[in-house]
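The values are calculated or read from the model by the stated rules, or taken from the named source; none is laboratory data. Just so we're clear, the structure is a prediction, and the values are computed from it rather than from any experiment. No Cβ is skipped: glycine too gets one built from the backbone with ideal geometry, and neighbour counts run over all protein chains shown. Just the protein is used for accessible areas: all its heavy atoms, side chains included, with ligands, DNA and RNA removed. Shrake-Rupley method; radii C 1.70, N 1.55, O 1.52, S 1.80 Å.
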Amino acid sequence: MLQPEAALRSLYACHSDRSRERQTQRALTQDFGTFCSLLEIVPTEGQRSPFVLNEMQRRYNAARTPRDVILKARQMGMTTLEQARDAWHFINRPGARVTMMVQSIDDADSPSRKAKRVFDVFFAALAKRGVKLNFATSPAGVWTLPDRDAVLRIVEAGASRAAAQKKGRGDTVTRLHVTEHAFWEFPRESLLAVESSVVAPELGGEIVRESTPNGVGGRFYDDVQAAKAGTSGFKFHFFP
């Protein structure tokens, strides 16, 4: 049996734990910037650290729309930022269907494996803060929250023309995150089916295409030119 002093300390600790949990839950849903403060990342140095938004990330957050095209330099954290937004959308929107589409490269450190590690670190950081996410058993690169009817998945762009034409066909998508689009083997075919499945902006659907440059020509180059000209319905963002 606890002594009075020990019982009092235990009671205070319990209240403190509940208070921290309530604060975390509020931060989880309050706004995207606050949500990011709950996350951790693994920078190039290799040690987990808090996710603190840099100036470029803050500028983009203030200017983004439901339809964005981003031309960026390397190592600026844009893909990580948009993966955080993928996670935010997935956790906070009932019925979410989030797709992150990456380049298809079959090696030990492929873009899909890198993306999965980022999400795993995000969710581990939230769990450490007491956020309970009741994931259902799913294949690698897919996370489901049955209690919220939400799905987050990583999809590789088609490595052949035939495979590309089948990507995302028939699925409903509430948020599509396209990364390093300029380097895909069949960018037009890979996006054709999945983009037609994205919910309209007025219903909360989002599309973001972000990539480093890869010369003149190709689907991403055309997307950039159309967004700059204001003819595509997408807003152009440039971070040199």
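Could you tell me which residue of segment 192-203 is nearest to V173 (Cα to Cα), considering only residues that are open to solvent by 80 Å² or more (accessible area, probe 1.4 Å) and assigned to a helix (DSSP H, G or I)?
L203
Looking across segment 96-106 at every residue that is open to solvent by 30 Å² or more (accessible area, probe 1.4 Å) and not charged (D, E, K, R), the one that is nearest to P146 (Cα to Cα) is identified as Q103. For segment 150-168, does any single residue satisfy the condition of being at pLDDT below 95, touching a strand residue (DSSP E or B) at 6+ places or on another chain (Cβ under 8 Å), surrounded by fewer than 20 Cβ atoms within 10 Å (Cβ to Cβ) and part of a loop (DSSP other than H, G, I, E, B)? No, because not a single residue in segment 150-168 is at pLDDT below 95, touching a strand residue (DSSP E or B) at 6+ places or on another chain (Cβ under 8 Å), surrounded by fewer than 20 Cβ atoms within 10 Å (Cβ to Cβ) and part of a loop (DSSP other than H, G, I, E, B).
Kindly indicate whether any position in segment 172-182 is out of contact with any strand residue (DSSP E or B) (no Cβ under 6 Å at 6 or more places or on another chain) and either outside any strand (DSSP E or B) or at pLDDT 95 or above (or both).
Of segment 172-182, the ones out of contact with any strand residue (DSSP E or B) (no Cβ under 6 Å at 6 or more places or on another chain) are none.
There is no residue in segment 172-182 that is out of contact with any strand residue (DSSP E or B) (no Cβ under 6 Å at 6 or more places or on another chain) and either outside any strand (DSSP E or B) or at pLDDT 95 or above (or both).
The helices (runs of 4 or more DSSP H) found entirely in segment 1-77 that carry 3 or more residues being at pLDDT 90 or above are 32-36, 55-63.
Only one of these is in contact with a Leu (Cβ under 6 Å, 6 or more places away or on another chain) and in contact (Cβ under 8 Å) with a residue 24 or more places away in the chain: F238, F186. Name it.
Numbers: F186 fails: in contact with a Leu (Cβ under 6 Å, 6 or more places away or on another chain).
Only one candidate passes the filter, namely F238.
Is it true that some residue in segment 184-191 is acidic (D, E), assigned to a strand (DSSP E or B) and modelled with pLDDT under 95? Write out each step before concluding.
Initial filter on segment 184-191 (acidic (D, E)): 185, 189.
The next check asks that each one be assigned to a strand (DSSP E or B); those that pass are none.
Within segment 184-191 (the criterion being acidic (D, E), assigned to a strand (DSSP E or B) and modelled with pLDDT under 95), the answer is no, since none of the residues qualifies.
Evaluated against (1) loosely packed, with under 15 Cβ neighbours inside 10 Å; (2) under 23 Å from T172 (Cα atoms), E210 falls short on exactly one condition, (1). Taken over segment 107-132, the criterion of being touching a residue at least 24 places away in the same chain (Cβ under 8 Å), open to solvent by 30 Å² or more (accessible area, probe 1.4 Å) and either of a type outside the set (K, R) or touching a helix residue (DSSP H, G or I) at 6+ places or on another chain (Cβ under 9 Å) (or both) is satisfied by P111, V118, A124, R129. Taking residues in segment 212-223 that are under 18 Å from D68 (Cα atoms), and partners anywhere that are open to solvent by less than 70 Å² (accessible area, probe 1.4 Å) and of a type in the set (S, T, Y), the pairs with Cβ atoms closer than 8 Å and at least 6 places apart or on different chains are F220/S211; D223/S232.
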